[in-house]
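Here is the structure we will look at, set down as structure tokens.
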Amino acid sequence: MSPATPRPGVRDVEPYTSPQLDVAARLNTNECPYPLPEGFAAELARAVRALPLNRYPDQRMARLREALADAYDHPVAGVWAANGSNEVLEQLLLAYGGPGRRAVTFEPTYLLHARIAWLTHTEVARLSLAEGFALGEAEIERAVAERPDVVFVCSPNNPTGNAQPIAAIRALAERLPASLVIVDEAYVEFGAESALPLVATHPNVAIVRTFSKAFACAGVRLGVALAAPEVVSDLERVRLPYHLSSLAQAAGVVALNYRSHALAICEEVRRERDRIAAALSTLAGVTSFPSQANFVLFVPPMDATELWRRLLDRGVLVRDLSTVVPGALRVTAGARHEVDLFLKALEEELRA
Ligand SMILES: Cc1ncc(COP(=O)(O)O)c(C=O)c1O
């Protein structure tokens, strides 16, 4: 007997993983460095105790969606949730991508956009962003020429950190009225303007948010779509039955109660991000890119992978993105002591 044959191409891709190492400064996956307070854990425990876990979760996710609608001031019929924003993106592609359909990405950007397109048998046109990584008229022209069914815009963009102009997102939505423009706002709480107001006038815009970054709930796996009711009703058709567990739904409701606490933490994270950017600008030979997210992308004056390894030897784990942006590393704005460790290790390595 021989093993079964997988779908063509499956064995050509590697599993998507990031190192999860027990080091002094874990600055590679843009998580929030601080846990939510004791009160959050206690409230969550109470909520979990009250759950009828012998029953399937509420398939309409009613309480969570109402709480989200309230928090985002968005009609509940246009609110959706799933296991992390990655699953939201996958569901959007299941509904709007698929065989014979095409998605556009603006590169460099979040690697999962093209990967989820591939997973859902959606063709991908990878357009490149010019210097500064901003979405401009030339990029919009090229995107329109591709006649895509789906357009991914990541704002603030991972890994470059810059937010995209709202006018450019509006132009894409207007010039591609039959396409879904997905705006991935995983990092919007760190200081960028949201494209959410566009949804009311442009129902082909879908905003995707996550609880993994600003909400300090990466372990919960909760992502959100804020879109037109028609989009949400399409997502209902492609989602798996009971896709979001009662546990995640309850955690989302509790996390929303701690929203202002989480947003205060964002303030601290922003300060650390700006401290990193300021320090990098003083280091000879280092190029860094302005960021409105909770990370900074930079190109050191030496081999990036070698520097990544040396930083790791000193207990500082950053992300090697040299295959995405030549020579670049990305560092998450962590807690103050982690950023201190990073800056000290970087300075010493560059001096060595
Ligand atoms: C731009 C962007 N979108 C989405 C995600 C996925 O987040 P989630 O944890 O909600 O699946 C990430 C995670 O790093 C990201 O950087």
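Bear in mind that the values in this text are calculations on the coordinates, not laboratory data. This structure is a prediction, so every number in the text was calculated from the model and none was measured. Ideal geometry is used to build each Cβ from the backbone, glycine not excepted, and the neighbour counts take in all protein chains shown.
Counting alpha carbon pairs within less than 8 Å and at least 6 residues apart, what relative contact order, in whole percent, applies to the chain?
Taking the mean separation of contacting Cα pairs over the length of the chain, I get 23 percent.
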Using label points projected 7 Å from each Cα along Cα→Cβ, tell me how many nm separate residue 147 and residue 7, to one decimal.
2.5
Multiply the residue separation of residue 201 and residue 282 by 0.36 nm, subtract the distance between their alpha-carbon atoms, and state the gained length in nm to one decimal.
24.7 nm
Quick one, can you get me the convex hull of the C-alpha atoms of the stretch 38-257 expressed as volume per residue in Å³?
112
What FRET efficiency comes out for the pair residue 51/residue 337, r = Cβ-Cβ distance, R0 = 51 Å, nearest 0.05?
0.85
Choose one answer from 54, 162, 30: the residue with the largest mean-square fluctuation in a GNM of the chain with alpha-carbon springs under 10 Å.
54
Between residue 263 and residue 309, the FRET efficiency computed from the C-beta separation at R0 = 25 Å comes out, to the nearest 0.05, as 0.10
Among bridges DSSP assigns within the chain, what percent are antiparallel (round to 5)?
45
Expected unfolding gain across residue 322-residue 240 under the 0.36 nm per residue rule, minus the alpha-carbon gap, is 25.9 nm
